[in-house]
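Take a look at the structure below.
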Ligand SMILES: Nc1ncnc2c1ncn2[C@@H]1O[C@H](COP(=O)(O)OP(=O)(O)OP(=O)(O)O)[C@@H](O)[C@H]1O
Ligand SMILES: Nc1ncnc2c1ncn2[C@@H]1O[C@H](COP(=O)(O)OP(=O)(O)OP(=O)(O)O)[C@@H](O)[C@H]1O
Ligand SMILES: [Mg+2]
Ligand SMILES: [Mg+2]
């Protein structure tokens, strides 16, 4: 299969006062055409920053890409000019940003906001863009008759569908969706995920789905990458990660969840908290919370090793 | 087991420019001592308003509230002050609910000062140390400020503060919703331990169904200000009776590779709570709705041993 995108050893830092936040520390993964990868992890793990890195949108001057490559069909996006990137963004790669409720403009109609991107990024005339925008509205389950309404007339779930319509209007090859359903109620989330799945299958779009919800990942992803303190500590197919998690952190995440389909008397939390990203240990950043770590884990850099075909972990105790 | 809290036909309406907003509309429940009643439902269905009104943080529009068998619906200021000692609340966002200019110790002992519980400064200090260790906060953090701490520790402060006056009843309004799962599990365990040790009674508000299942003895499902189902936790999950509950449970994404679930996809979204029509409030989204559902409000009926639901076709609908 053809690799659509390949991220290699991506490193991103933020200057924060006198300190340096090491937000992304050597992230590598690749994604084939038409597939969806789930980027999961807890608050501050570096999921959003990784996505911004791929889009070459890391906020300067505080943020800086310190290294790595983002190969999109073999071309490194990080070496492109901002002008070239503007063409790529919205047209071939588009992103749904975290906190989406603020990304619609209150003074334009929802229909025009979908049409605008089409007009900008494709050769469509204004009229053609309007027709296409109406078609996109229907696809995400909003009657085209509501084209001329404003965002405030829409509920949260409908606004989110408009945002998805904008992101998909130009038929991008890659969609990066950062927590697209986190703010929605479960019944609405189920509707939106169902719709995203249908559109993805129809358009053969590849997706990077960012979420902290392991349930959502199971719904829509083929592959999973688990992030912790700016690194992918485990990755593999959905089945590998869910049926045979090997990194102690991944195991811990699954164990700490209350289960809907079985009874648990007592939850098993992961002790402690994520290390300070301005002061990461030399070795494994999970060591201080890990039930199987010993002294050497703290000092030795953990390399990503393949433990079965396509299943990688960063843990010397388990590989 | 004795009943600690009882709420009868509680209503809380808000005046808005478009008419009366029925945030809580005729809600009744009772909670036995040392048990947890979970309240679930979608955003805006009235969970927080219910909690706040039951606690007298909001004045009720109608209905009755009983605490330890006494009618406390219309208490005067002095009685309310006494009542407050026994009823506390923990909020979702520990950050915005904690005074940023106070250090951890001062936040925790503030209620003790207000109620003049401790006779000396030394006693206050001892109490602070005791409370901090109860909730698993290291005493070296006593002089830290909330912004210096992570979400899990901030929520521990919220818990410690709620415990300060040794209350009997605590309303927990989304106490773990802002936390990561590994930290959420720490806090849920803490709350369960405290409940056992101190004989606490909880009203636990959340939109997370896995959490509510884990923590509750009984569950109240709300929809647009109304209770649509009220049952023991096992019964609700084993045999949800209301079509909305059925859809809600089927929509939970379960992180288990082998779990196959039948999904009931609802159309449309929650309607407006302002001046609702006299009909079933779920009818517009209900796949099983019939004519009567749009004309008449369903009454709450008991379908078994304390398994109540408000649906014209209770027991006849199974969307799953
Ligand atoms: N503009 C910024 N300036 C300084 N630090 C930043 C900035 N943006 C992000 N960070 C830091 O980088 C780290 C990674 O943040 P990021 O937002 O990528 O995490 P995330 O995994 O998306 O978390 P969440 O689940 O909360 O969205 C965090 O420690 C965060 O505080
Ligand atoms: N002070 C107020 N004035 C007017 N309307 C209010 C007020 N407080 C709440 N409401 C309305 O009452 C309804 C119930 O709100 P409430 O906050 O109780 O819902 P909730 O179930 O807690 O939602 P969430 O899950 O989002 O916290 C909503 O429609 C809300 O807009
Ligand atoms: Mg993020
Ligand atoms: Mg609320």
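The values are calculated or read from the model by the stated rules, or taken from the named source; none is laboratory data. Treat the numbers as computed from the prediction; the structure is a model and nothing was measured. Reconstructed Cβ throughout: ideal geometry from the backbone, glycine too, with neighbour counts over all protein chains shown.
A few remarks follow.
- Within the range B:234-253, the residues that satisfy the criterion of being over 16 Å from residue A:184 (Cα atoms) and facing another protein chain (nearest Cβ under 10 Å) are B:234, B:237, B:244.
- Pairs meeting the criteria (first residue in the range A:291-307 and assigned to a strand (DSSP E or B), second residue modelled with pLDDT of 95 or more and surrounded by 12 or more Cβ atoms within 10 Å (Cβ to Cβ), beta carbons under 7 Å, at least 6 apart or on different chains) are A:305/A:312; A:305/A:313; A:306/A:312; A:307/A:246; A:307/A:313.
- Listing of helices (runs of 4 or more DSSP H) fully contained in the range A:106-204 that carry 1 or more residues being exposed (fewer than 15 other Cβ atoms within 10 Å of the Cβ) and within 14 Å of chain B (Cβ to nearest Cβ): A:186-203
- Given (1) over 19 Å from residue A:214 (Cβ atoms); (2) buried (at least 19 other Cβ atoms within 10 Å of the Cβ), index of the condition residue B:186 fails: (1)
- Among the residues listed as B:41, B:63, B:46, B:51, the single one being away from ligand 2 (no atom under 13 Å from the Cβ) and either closer than 24 Å to residue B:207 by Cβ or touching a strand residue (DSSP E or B) at 6+ places or on another chain (Cβ under 9 Å) (or both): B:63
- Among the residues of the range B:114-131, the one identified as within 24 Å of residue B:173 (Cβ to Cβ) and without any contact (Cβ under 8 Å) to a residue 24 or more places away in the chain is B:114.
- Of all residues in the range A:32-50 being in contact with a strand residue (DSSP E or B) (Cβ under 8 Å, 6 or more places away or on another chain) and near ligand 1 (Cβ under 8 Å from one of its atoms), the one that is nearest to the other protein chains (Cβ to nearest Cβ): A:42
- Residue match in the range B:279-286 (condition: in the same structural domain as residue B:238 (by TED's automatic domain parsing), modelled with pLDDT under 95 and at positive phi): no
- Given (1) modelled with pLDDT under 95; (2) more than 9 Å from chain A (Cβ to nearest Cβ), index of the condition residue B:300 fails: (1)
- Test for residue A:9: is it free of Cβ contacts under 8 Å to residues at least 12 places away in the same chain and either out of contact with any strand residue (DSSP E or B) (no Cβ under 6 Å at 6 or more places or on another chain) or away from ligand 1 (no atom under 13 Å from the Cβ) (or both): no
- Scanning the range A:168-189 for residues that are at pLDDT 90 or above and within 16 Å of residue A:139 (Cα to Cα) turns up just one, A:172.
- Here residue A:60 fulfils each of the conditions (1) within 14 Å of chain B (Cβ to nearest Cβ); (2) more than 16 Å from ligand 3 (Cβ to nearest atom) apart from (1).
- Checking each residue in the range A:248-267 for being over 18 Å from residue A:313 (Cα atoms) and either facing chain B (nearest Cβ under 7 Å) or buried (at least 20 other Cβ atoms within 10 Å of the Cβ) (or both) picks out A:256, A:257, A:258, A:259, A:260, A:261, A:264, A:266, A:267.
- Within the range A:206-247, the residues that satisfy the criterion of being outside any strand (DSSP E or B) and more than 12 Å from chain B (Cβ to nearest Cβ) are A:222, A:229, A:230, A:246, A:247.
- Test for residue B:171: is it within 14 Å of chain A (Cβ to nearest Cβ) and in a strand (DSSP E or B): no
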